[in-house]
Amino acid sequence: MDRLTLMAYSFLMEEVAIREAASQMMKQHGNDAGIAAGLKADAMLNKGYIEGFYAWNRIAAVISDLGRKSGQDG
């Protein structure tokens, strides 16, 4: 595989993992899933884990988006 294909595949796998995490958070926390994801993002930032912070912020954004699409607050 060429480098660009590998990068695209990596991005796709990351997006799949983010969406799965968002789904699991919604199952575990219901309407509070976005808050729970935000708290995890804050915890990552406080520990200096910048990549974790960005990942949890992305998860929170997906939760919010899914909540809007389903007519719920995210």
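Be a star and scan the range 14-30 for residues whose amide nitrogen sits under 14 Å from the point 7 Å along the Cα-to-Cβ vector of residue 70.
19-30
Which value, in Å², gives the accessible area per residue of the chain when a 1.4 Å probe is used on the protein heavy atoms?
Each residue of the chain exposes 72 Å² on average to a 1.4 Å probe.
Take the Cβ-Cβ distance between residue 5 and residue 32 as r, set R0 to 30 Å, and report the resulting FRET efficiency rounded to the nearest 0.05.
The calculated FRET efficiency here is 0.15.
If the cut-off is 27 Å between C-alpha atoms, which lysines fall inside it for residue 69, apart from same-chain ones fewer than 8 positions away?
Excluding near neighbours in sequence, the set is 27, 40.
Return the carbon/sulfur percentage of the accessible area of the chain, one whole number, probe 1.4 Å, all protein chains in place.
58 percent
Report which label in [x] 1.06; [y] 1.21; [z] 0.97 holds the value of Cα Rg over 2.2 N^0.38 Å derived from the coordinates of this structure.
Only one option fits the structure, namely [y].
Tally Lys and Arg at +1 and Asp and Glu at -1 over the other residues with C-beta under 15 Å from the C-beta of residue 14: what net charge comes out?
-1
The values are calculated or read from the model by the stated rules, or taken from the named source; none is laboratory data. Keep in mind that what you see is a predicted model, and the values were worked out from it rather than measured. Note: ideal-geometry Cβ built from the backbone for every residue, glycine included; neighbour counts use all protein chains shown. With ligands, DNA and RNA removed, areas are computed over all heavy atoms of the protein, side chains included. Shrake-Rupley method; radii C 1.70, N 1.55, O 1.52, S 1.80 Å.
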